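Scroll down for the structure; my scribbles are underneath it.
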Amino acid sequence: MTAPRIVITGIGGICALGTDVPSIWSSMQAGRQAIGPITTAPLHELKVRIGAEIKELPDHGIDRKRLVTMDRFSLLAAISAREALTQSGFIVDDGNTHRVGAVVGTGVCGWEAIEDSYRAILLEGKPRTGIFTVPRVMPGAAAGQVSMTLGLRGPVFGATSACSSSNHAILAAADQIRLGRADVMLAGGSDAPLIYGILKGWEALRVLAPETCRPFSADRNGLVLGEGAGIAVLETLEHAQARGATILAELAGGGMSADASDIVAPTVEGPVSALKACLHEAGLSAADVDYINAHGTGTKANDKIETEAIKRVFGKHAPKLSVSSTKSMHAHCLGASGALELIACVMAIRDSIVPPTVGYRENDPDCDLDVTPNAARKRNVRVALSNGFAFGGTNAVIAVKAME
């Protein structure tokens, strides 16, 4: 039995580049870097004080009673989900609500609530935490809040696998449709890690860049954290066509693997396995792929290993690929990164434009692919891959392609 084709009919997003998909994509095309000094959170004695923060939230219409139950990462997910569902044109009602669900990935959960609680108890001597601390903190909260704000009563759960969380969530959501558990799924990721405790932890790893993120550039010196969310609406091709939906792209397939090696140090073999599995599931050859939105964090090890993995999988076609890291603009949004990068892939297909890797200054012989340095480029993109490689050695790659 042939598996049903899964298509994307809506996308929504919010990050430092913009508060909706049109503004995010406009910023990406312009090569705008949204990395700068963090101004919205107390940072105390942190050495690294830069990030990619959302300066002002849009008018989201969520009432105050629900807002007090939400941590920031859940709110960002809800905002993005509403945009995606609106674009899709799908109306959730009593007749279909039990056939519509959501899977939302996150890397670090509700640390805003955790930090507020620690400060209240340990520094201010208060006898108790906020009443909604637990429901704000839990990693599955974003998926739950999306379901409540939009009235989704189908399969709803969270996914957490560090920086691969969005890609795992999207692939898991597609599986719910293929298994017949849902007709429509909202899927993606959200994270809001610009919190003192989280930044302090990343600072201890000694991987944060002091000034900016320069993926694949020889003078790169680390990653930068950002906040954001991205959500896609998934359904079968048959379902989308039956309701006359505009189809943005096809979710052609995905590949997942584990390094089974080290909790933080990546291997080449794990990403190679995920890339090969993705091409196999999508029924693609190496020569079919036009663009790869790289994991591209800007650390010495990650960029070198990702380059090697791409060269091993794509062989003679590797130099013909357009590659870029949009983390150079929106920074590393952890569990939200894959969803924001899926937006870049879908829009690259729609507009025939490859977004750039900004901040690139020096050629690195260990990163010798075409990384689209500093300026967007016109290219007919029919197939795009989004790479997600995470701490814990968990890898997830997604392939999207233009509708034929």
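Under a Cβ-Cβ cut-off of 14 Å, what is the net charge of the residues other than P155 that fall near it, where Lys and Arg count +1 and Asp and Glu count -1?
Result for the neighbourhood of P155: +1.
So how far apart, in nm, are the two label points at A30 and R119 if each is 7 Å from Cα heading toward Cβ?
3.3 nm
Of all accessible surface on the stretch 190-266 at a 1.4 Å probe, what whole percent is carbon and sulfur?
The nonpolar share, carbon plus sulfur, comes to 53 percent.
Using a probe of 1.4 angstrom, how much of the accessible area of the stretch 279-364 is carbon and sulfur, in percent?
48 percent
Using the 2.2 N^0.38 Å rule of thumb for compact globular proteins, work out how the stretch 105-182 stacks up: its C-alpha Rg over that value, please.
1.37
With a 1.4 Å probe and all protein chains in place, put K320, K200 in order of accessible area, largest first.
These residues rank, largest area first, as K320, K200.
Taking a quarter of the surface of the Cα convex hull of the stretch 248-347, what do you get in nm²?
Spelled out: convex hull of the Cα atoms, projected over all directions, averaged, 6.5 nm².
Please compare each pair in K276/K320; K300/K378; K276/K316; K200/K300; K47/K126; K65/K200 to a cut-off of 23 Å on the Cα-Cα distance and tell me which ones are over it.
K300/K378; K47/K126; K65/K200
V383: accessible area at probe 1.4 Å, nearest 10 Å²?
Counting only protein heavy atoms, the figure is 10 Å².
With a 1.4 Å probe and all protein chains left in place, how much accessible area per residue does the stretch 39-79 have, in Å²?
55 Å²
So how far, in whole Å, is the C-alpha centre of the stretch 137-209 from the one of the stretch 259-318?
Here the two parts' Cα centres lie 22 Å apart.
Could you calculate the FRET efficiency of D351 with K65 from 1/(1 + (r/R0)^6), where r is the beta carbon distance between them and R0 is 30 Å, rounded to 0.05?
The pair D351/K65 has a calculated efficiency of 0.15.
Please state, to two decimals, what the Cα-based radius of gyration of the chain comes to when divided by 2.2 N^0.38 Å (N = residues).
This ratio for the chain stands at 0.92.
The values are calculated or read from the model by the stated rules, or taken from the named source; none is laboratory data. What you are looking at is a predicted structure, and each value in this text was computed from that prediction instead of being measured. A quick note on method: Cβ atoms are made from the backbone with ideal geometry, for glycine too, and the neighbour counts reach across all protein chains shown. We work out accessible area using only protein heavy atoms, side chains counted, and drop any ligands, DNA or RNA first. Shrake-Rupley method; radii C 1.70, N 1.55, O 1.52, S 1.80 Å.
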